[in-house]
Amino acid sequence: MTTDSLGIVEARKKLGTLVARAAHSHQHTRISRSEDERAVLISEEEYEELLQLRHEREAGEVAAAIAAQQRGELEMVGYDSRDVLFADLGLPAGGERS
């Protein structure tokens, strides 16, 4: 399976073809808008598989953390409010954007 790399202008011109290739042939296309803005066009089926894999990985991490806490290897921290949690994580207070 090959993966093409296109700039956004060229990808826009070929979008219908690129979507058909992704959906039917599972051919990926990397699309670059700039050096820092890149994306990959994949089929919806592959996207759903990636979401499922992410969910399974995160569930495994939570299960491992719970097991570690039960073995006494991990201390759980409780918070009295959302604002205290946000402050501890170095995030702006509830809902604010930085």
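Could you tell me which of the residues T3, T29 is surrounded by 11 or more Cβ atoms within 10 Å (Cβ to Cβ), modelled with pLDDT under 95 and not hydrophobic (A, V, I, L, M, F, W, C)?
Testing whether each residue is surrounded by 11 or more Cβ atoms within 10 Å (Cβ to Cβ), modelled with pLDDT under 95 and not hydrophobic (A, V, I, L, M, F, W, C) leaves just T3.
Can you find a residue in the range 53-74 that is closer than 30 Å to G7 by Cα and under 20 Å from the mean Cα position of the chain (by Cα)?
Looking for residues that are closer than 30 Å to G7 by Cα and under 20 Å from the mean Cα position of the chain (by Cα), one finds at least one in the range 53-74, hence yes.
What residue, among those in the range 11-33 that are within 20 Å of the chain's Cα centre (by Cα) and among the hydroxyl-bearing types (S, T, Y), is farthest from V77 (Cα to Cα)?
Residue satisfying both the conditions and the ranking: T29.
Between A22, A63, which is in a helix (DSSP H, G or I), at pLDDT 95 or above and surrounded by 14 or more Cβ atoms within 10 Å (Cβ to Cβ)?
A22
Return a yes/no flag: does the range 74-93 have any residue that is surrounded by 10 or more Cβ atoms within 10 Å (Cβ to Cβ), of a type in the set (K, R) and assigned to a helix (DSSP H, G or I).
Within the range 74-93, one or more residues are surrounded by 10 or more Cβ atoms within 10 Å (Cβ to Cβ), of a type in the set (K, R) and assigned to a helix (DSSP H, G or I).
The values are calculated or read from the model by the stated rules, or taken from the named source; none is laboratory data. Just so it is clear, the model here is predicted, and its values are computed rather than measured. Note: ideal-geometry Cβ built from the backbone for every residue, glycine included; neighbour counts use all protein chains shown.
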